[in-house]
Every structure is written in C-alpha cells, then in structure tokens.
1. Mind checking the full-extension length gain between residue 63 and residue 78? Use 0.36 nm per residue of separation minus the Cα-Cα distance, one decimal, nm.
2. Could you check the spin-label model distance between residue 33 and residue 47? Points 7 Å from the Cα along Cα→Cβ, value in nm.
3. Which three semi-axes in whole Å describe the equivalent ellipsoid of the stretch 25-66, each the square root of 5 times a Cα gyration tensor eigenvalue, listed largest first?
4. Determine the relative contact order of the stretch 25-66: mean sequence separation of Cα pairs under 8 Å and six or more apart, normalised by residue count, in whole percent.
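Please treat every number below as a calculation from the coordinates, not as lab data. Remember, it's a predicted structure, so these values are computed and weren't measured experimentally. Cβ coordinates were reconstructed from backbone atoms using ideal geometry, including for glycine residues, and neighbour counts include every protein chain displayed.
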Ligand SMILES: [Zn+2]
C-alpha cells in the first residue's frame, strides 16, 4: 500500500540526531520517507496504518482521527 496522504506532509523538517520526529509520511527515527505500509486497522474513531521503514527497519504506526462528515448512498453520492 502506498502512502495514504502525502499532500499534508509538513515542510518543517529539522531532523536532529537521536531525536524522534513526528512528521506524516516520514520515519520518526531516521527521517526516511521510504515507509512500507501494512493494512489499516480501526480503533474507535481512529485508523492506524502500521509501517516498516525500509531504511532502518523501524516499525510503527501512523494514526489518523476519523470525523463524521455525512451520509452517502450506496454509490457514494452525498444525500444532501
Ligand atoms: Zn527509518
């Protein structure tokens, strides 16, 4: 699976050695964007995307909050 949403990647990219970062789409340990994502897992109102960094083998998950935005029909069309 590819990166679920690369568009929101922040430009704030100051990586200091020995300090973990918290940037979407980047390994928190080495800063690589070469993450291999697994299947998403739901947690209440969150989705977690587990990944393994292809550069340093760090394993972690990216977490996303889910928020209700409305109903659709079976074809995905908005009802209102
Ligand atoms: Zn890494």
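1. Result: 2.8 nm gained on full extension.
2. 2.0 nm
3. Numbers: eigenvalues 84, 17, 9 Å².
Largest first, the stretch 25-66 gives 21, 9, 7 Å.
4. 33 percent
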